[in-house]
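In what follows, a single structure is set out as structure tokens and then discussed.
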Amino acid sequence: FMAQLWGGRFTRETDELVYRFNASVTFDKKFYRQDIQGSMAHVKMLAKQGILTEQEKEQILEGLQGILTDVENGKLQITEKYEDIHSFVEANLIERIGDAGKKLHTGRSRNDQVALDMKLYIRDEIAEIDGLLKTLLTKLLAMMEEHTETYMPGFTHLQKAQPVTFAHHLGAYFEMFKRDRQRLSDIAKRMNLCPLGSGALAGTTYPLDRDYTAELLGFDGATLNSMDSVSDRDYLIELLAAMSTIMMHLSRFCEEIIIWNTNEYRFVELDDAYSTGSSIMPQKKNPDIAELIRGKTGRVYGALTALLTTMKGLPLAYNKDMQEDKELTFDAIDTVKGCIALFTGMISTMKVNKGRMEESAKQGFTNATDAADYLVNHGVPFRDAHGIVGRLVLACIEKGIALDELSLEEYREISPVFEEDIYEAISLKTCVEKRQTAGAPSQKAMLQAIAKERAYLEEN
Ligand code: ARG
């Protein structure tokens, strides 16, 4: 441990506790690659500006490349001997190339350096999460294409409402995950300004070319205020909010799958590979993966709340509190990536029980609205039609039958408007296929929506 940094007034034991409490290498080593990448760009810029000689630049770049290679191939370990990843790289560089290495940190502070590293790291992670969402959307679209005639009940209040198709139900989630990707892309665009060159908080006296560094690192430009640059964590809060929304969508979907997978529903059956057993009840096959994804949602919400709370009282500019952004953001990212991947595997392997879905859609008076619409089409005002069908439903409930099972006489007892064609008008197929407005469940409308979703996936 670098006890000497803290002077003599600490006992050795306190030294160690303070050092460990303060250190961040155990988690910021995650972005060693980005730290080296940022240093390389910084050094190239320093040389271009005449602040370093070409020779110094070459030496440093070679040293940094050597560190990168050795870390990647396991020759060099990032240990807790170093306070953070920045100290690790700089110390190793000096060890390798001597005095030239001591010039790396010219015109730079760890405050703008860590702001840069985190942005570079997050930029890559956003691309990865986006890729996972795209795979999920591709899978969902294939399932939608397969199930445009798989009828199922649509619910409101978890009570059977009107029939839809499985494709239509899946299409709702397609829209949610599509918006999630759009949110990620907005964040990536907004955050893509380079903080390097902001120094500790007030810029630097060296003639840095910040636009050049920004360009080397693939940013759209340099940030405009050095105090904001070192203390901005907005993009992480936005990302945590976007990831919370992704988890909320996954969680709702999991909740439905858990319900559909119950003995009572049996709309789907999760694959053995995505289910777990009970240590005591031999018959059990539990949807643990869906439950865990639902459960882990709380953890990502927690990260969002934690970072918002960490930031709320901070005066400008950098404060050490901000180091707390890392562990919770990393954890949330790993959680979200794992959950999307597992969820995709789970729905790709689950069996869809079309017969059960259709049978269920036929019960629970999901065609009552259509019976009322039938009357409206024959000149009955909707409010009266609603009342008439309500009485029919009551009669059915007393007899324990469905609307389709009433005789025409029974229909006509309540309203003489009914004719033989009422049965066709309230059949499950009619109820779905007549709903042809844009965004509705009929196969016709669904195929149009699917074509648009396919075009979206091809472009994005
Ligand atoms: N580990 C620190 C962080 O993550 C790096 C910046 C340290 N700067 C400082 N002035 N102590 O925020």
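The values are calculated or read from the model by the stated rules, or taken from the named source; none is laboratory data. Being a predicted model, the structure only gives us computed values, none of them experimental. Cβ sites come from the backbone with ideal geometry, for glycine too, and all protein chains shown count toward neighbours.
When you go through PHE177, PHE155 one by one, which is the residue that is under 13 Å from the mean Cα position of the chain (by Cα), farther than 30 Å from SER109 by Cβ and crowded, with 16+ Cβ neighbours inside 10 Å?
On the way: PHE155 fails: under 13 Å from the mean Cα position of the chain (by Cα).
Exactly one residue qualifies, and that residue is PHE177.
Looking at the structure I just gave you, is VAL114 buried (at least 21 other Cβ atoms within 10 Å of the Cβ), of a type outside the set (S, T, N, Q) and not in a helix (DSSP H, G or I)? Give the derivation first.
Numbers: buried (at least 21 other Cβ atoms within 10 Å of the Cβ): yes; of a type outside the set (S, T, N, Q): yes; not in a helix (DSSP H, G or I): no.
No.
Looking at LYS48 and the list (1) out of contact with any Asp or Glu (no Cβ under 8 Å at 6 or more places or on another chain); (2) surrounded by fewer than 21 Cβ atoms within 10 Å (Cβ to Cβ); (3) not assigned by TED's automatic domain parsing to the domain that holds MET191, which single condition is not satisfied?
Going through the list (1) out of contact with any Asp or Glu (no Cβ under 8 Å at 6 or more places or on another chain); (2) surrounded by fewer than 21 Cβ atoms within 10 Å (Cβ to Cβ); (3) not assigned by TED's automatic domain parsing to the domain that holds MET191, LYS48 breaks only (1).
Return the residue satisfying two criteria in turn: it lies in region 4-15 and is loosely packed, with under 14 Cβ neighbours inside 10 Å and on the phi < 0 side of the Ramachandran plot, and of such residues it is modelled with the highest pLDDT.
Taking region 4-15 first, the residues loosely packed, with under 14 Cβ neighbours inside 10 Å are 4-5, 7-9, 11-14.
Of the ones still in play, those that are also on the phi < 0 side of the Ramachandran plot are 4-5, 8-9, 11-14.
On the way: GLN4: 34, LEU5: 34, GLY8: 52, ARG9: 56, THR11: 62, ARG12: 58, GLU13: 57, THR14: 59.
For region 4-15, the residue satisfying everything is THR11.
All but one of (1) under 45 Å from the mean Cα position of the chain (by Cα); (2) at pLDDT 95 or above; (3) hydrophobic (A, V, I, L, M, F, W, C) hold for ALA402; state the number of the condition that does not hold.
(2)
Please pick out the residue among ILE293, ILE289, ILE280 that is modelled with pLDDT under 90 and either within 25 Å of LEU250 (Cα to Cα) or hydrophobic (A, V, I, L, M, F, W, C) (or both).
Working: ILE293 fails: modelled with pLDDT under 90; ILE289 fails: modelled with pLDDT under 90.
Only one candidate passes the filter, namely ILE280.
In the list GLY364, GLY390, which residue meets the criterion of being away from the ligand (no atom under 16 Å from the Cβ), without any contact (Cβ under 8 Å) to a residue 24 or more places away in the chain and either surrounded by 21 or more Cβ atoms within 10 Å (Cβ to Cβ) or more than 21 Å from PHE177 (Cα to Cα) (or both)?
Answer to the selection: GLY390.
Take the conditions in a loop (DSSP other than H, G, I, E, B), hydrophobic (A, V, I, L, M, F, W, C) and closer than 28 Å to TYR151 by Cβ and apply them to ILE347. Does it pass?
It is false that ILE347 is in a loop (DSSP other than H, G, I, E, B), hydrophobic (A, V, I, L, M, F, W, C) and closer than 28 Å to TYR151 by Cβ.
Among LYS139, LYS102, LYS75, which is the only one that is out of contact with any Leu (no Cβ under 8 Å at 6 or more places or on another chain), in a helix (DSSP H, G or I) and either within 16 Å of the ligand (Cβ to nearest atom) or more than 30 Å from LYS444 (Cβ to Cβ) (or both)?
The match here is LYS102.
Before we move on, is GLY400 on the phi > 0 side of the Ramachandran plot and either surrounded by fewer than 21 Cβ atoms within 10 Å (Cβ to Cβ) or touching a strand residue (DSSP E or B) at 6+ places or on another chain (Cβ under 8 Å) (or both)? Before you say what the answer is, go through the steps one by one.
Values: on the phi > 0 side of the Ramachandran plot: yes; either surrounded by fewer than 21 Cβ atoms within 10 Å (Cβ to Cβ) or touching a strand residue (DSSP E or B) at 6+ places or on another chain (Cβ under 8 Å) (or both): yes.
Criteria met by GLY400.
In region 252-297, what residues are of a type in the set (Lys, Arg) and either more than 23 Å from MET152 (Cα to Cα) or not assigned by TED's automatic domain parsing to the domain that holds GLY345 (or both)?
Taking region 252-297 as the starting set, the residues that turn out to be of a type in the set (Lys, Arg) are 252, 266, 284-285, 294, 296.
Within region 252-297, LYS284, LYS285, ARG294, LYS296 qualify.
Can you tell me which residues in region 64-89 are under 18 Å from ALA41 (Cα atoms), without any contact (Cβ under 8 Å) to a residue 40 or more places away in the chain and surrounded by fewer than 20 Cβ atoms within 10 Å (Cβ to Cβ)?
If the condition is that a residue be under 18 Å from ALA41 (Cα atoms), without any contact (Cβ under 8 Å) to a residue 40 or more places away in the chain and surrounded by fewer than 20 Cβ atoms within 10 Å (Cβ to Cβ), then GLN65, GLY66, LEU68, THR69 are the ones that fit.
Write out, first by first residue and then by second, each pair whose Cβ atoms fall under 6 Å of each other, whose residues are 6+ apart or on separate chains, and whose first residue, in region 317-332, is under 23 Å from GLY203 (Cα atoms) while the second is assigned to a helix (DSSP H, G or I) and near the ligand (Cβ under 8 Å from one of its atoms).
As it stands, the answer is TYR318/ASN111, since those pairs meet every condition given.
Any chance you could count how many residues in region 300-337 are assigned to a helix (DSSP H, G or I), exposed (fewer than 15 other Cβ atoms within 10 Å of the Cβ) and away from the ligand (no atom under 11 Å from the Cβ)?
Summing the residues that are assigned to a helix (DSSP H, G or I), exposed (fewer than 15 other Cβ atoms within 10 Å of the Cβ) and away from the ligand (no atom under 11 Å from the Cβ) in region 300-337 gives 5.
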